[in-house]
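This report concerns only the one structure given below.
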Amino acid sequence: MLASQTSTSLLAACRADGEFGLAARHWTGGLRLISPEGICELKLEAGIVHPGRVDPVGNGVITLTADGEVWAQLLAAKPPRLYNDVSTILGLEQMSLGADPVVFAQYYPAVMRAVELLRPAVQQGAPTESALAGEFDSPVGRYVHLNLGGQSHRVYFEEAGHGIPLLLQHTAGCHGSQWRHLFECREITDHFRLIAYDLPYHGKSLPPVGPKWWAAPYELRGDFLRSVPLALSKALGLERPTFMGCSVGGLLALDLACRHGEQFRAVISLEGALKIETDIETLGALWHPQISNEYKARLMNALMSPTSPEAYRKETSQIYSAGWPPAFLGDLYYYVVDFDLRETAARIDTGKTAVHILTGEYDASGTLELGQAAHAAIPGSTWTRMDNVGHFPMSENPAAFLEYLLPVLENVRLGQGV
């Protein structure tokens, strides 16, 4: 619970924490966390924490106010779903924000790090990376030229394994490295040929040469997005591959089953839904000249489970901080504007194309409820709740994800439901 005496311990913790120091760089103002039990506050000057009271109406001040029960859930050692981050609680309208919106977005990473430092310390198991120096990982990368929307695109993909082709679509604003752990799983690669590709403008798939793409808004639309796995499948001579995608890719999986089901033996939709009800006009901070990519990177942590290994959560976020700035918001055009299967999902023939939907417990975007609704609307589909993972199961907690994925892949391999 919050109280005024908490300020002293938080000040010491923030001073000693390298992550907070980096996130709070240049911040002059302060942080005020208000509950009925008291106020916890931090005063900052040029990114350095100082003792003292914070002027409630001063420039650069961020104030978060909530009742005691909300703070208790947010500050628990293992916060419950939807209460693990201030951004999700603000979305539930169970916390109020007092701050200039740009300042909040600029220092949201520091705010959330301060919140984490108020939680009880929890011993986390470290992820294991057993590769030796000089050892090669499994995937091999290549480029292929695809005609997409009448324009030649040089598309990068990586592959490993043999057997049933399995196309892998990354999340919005990201690239195929999210799937790296699957490439090293022999239980998968002994039966499936994994093919992870980068969408144009993402990762190693550079923009096309010719059109002045830099002079127009980037908006990912369904017709273009659907054409990528279709064209790649044709170029590689794949015969009715399986498709798996997450987030934007999870929606695309259902979209392909609905519009091009005859070309896929199965689709696996991670964090899928029939419709994501979000106003894209409220997401402007994801591409703003005064807000860095660090904001979107930290925001992705809000969609992950706090029990996922910290190193993998940070790796997942780092990919977002490294992407082309307009890509994430542009991809969300498809995610929240263009995509809507509410009226057509029932047409999916799961007798021809198996549909498997898996949803992470801590996903605040493609929620458990949305995954269940999609399953209910698609006769013959399956739905799996994945505990202790969030929006990025394959990268934030690959060990936990495999426990849920392997039975689904075995179902696909044996042709059940197809």
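Quick note: the coordinates plus some simple rules give every number you see, no bench work behind them. Just so we're clear, the structure is a prediction, and the values are computed from it rather than from any experiment. Ideal geometry is used to build each Cβ from the backbone, glycine not excepted, and the neighbour counts take in all protein chains shown.
Tabulated values for the structure
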item: Structure-derived Cα extents along the principal axes in Å - corresponding label in [x] 109, 52, 40; [y] 67, 52, 45; [z] 67, 49, 38; result: [y]
item: Length gained when the stretch ARG154-THR344 is fully extended (0.36 nm per residue, less Cα-Cα span); result: 65.1 nm
item: Order of PHE401, PHE224 - criterion: other Cβ atoms within 10 Å of each residue's Cβ, fewest first; result: PHE224, PHE401
item: Listed pairs LYS234/LYS296; LYS204/LYS314; LYS212/LYS234; LYS212/LYS275 exceeding 25 Å between Cα atoms; result: LYS234/LYS296; LYS212/LYS234; LYS212/LYS275
item: D (Stokes-Einstein, µm²/s), Kirkwood Cα radius, the stretch 345-418, 1.567 mPa s at 4 °C; result: 101
item: Estimated FRET transfer efficiency (ARG15, THR65; beta-carbon r; R0 35 Å; 0.05); result: 0.90
item: Proxy reagent accessibility, fewest Cβ within 10 Å first, across ASP17, ASP85; result: ASP17, ASP85
item: Rel. contact order, % - alpha carbon contacts under 8 angstrom, at least six apart, the stretch 308-396; result: 35
item: Additional length obtainable on full extension of the chain from ASN147 to ALA72, 0.36 nm per residue less Cα span; result: 21.6 nm
item: Sequence-separation-based contact order of the chain, relative, with Cα cut under 8 Å and 6+ spacing, percent; result: 14
item: Calculated [θ] (222 nm, deg cm²/dmol) that DSSP helices of n ≥ 4 give over the chain, each run adding -39,500 (n - 2.57); result: -10000 deg cm²/dmol
item: ARG221-LYS204 pseudo-label distance in nm [points 7 Å out on the Cα-to-Cβ vector]; result: 3.0
item: Long-range tail of P(r) for the stretch 15-103 (Cα pairs > 16 Å, %); result: 58
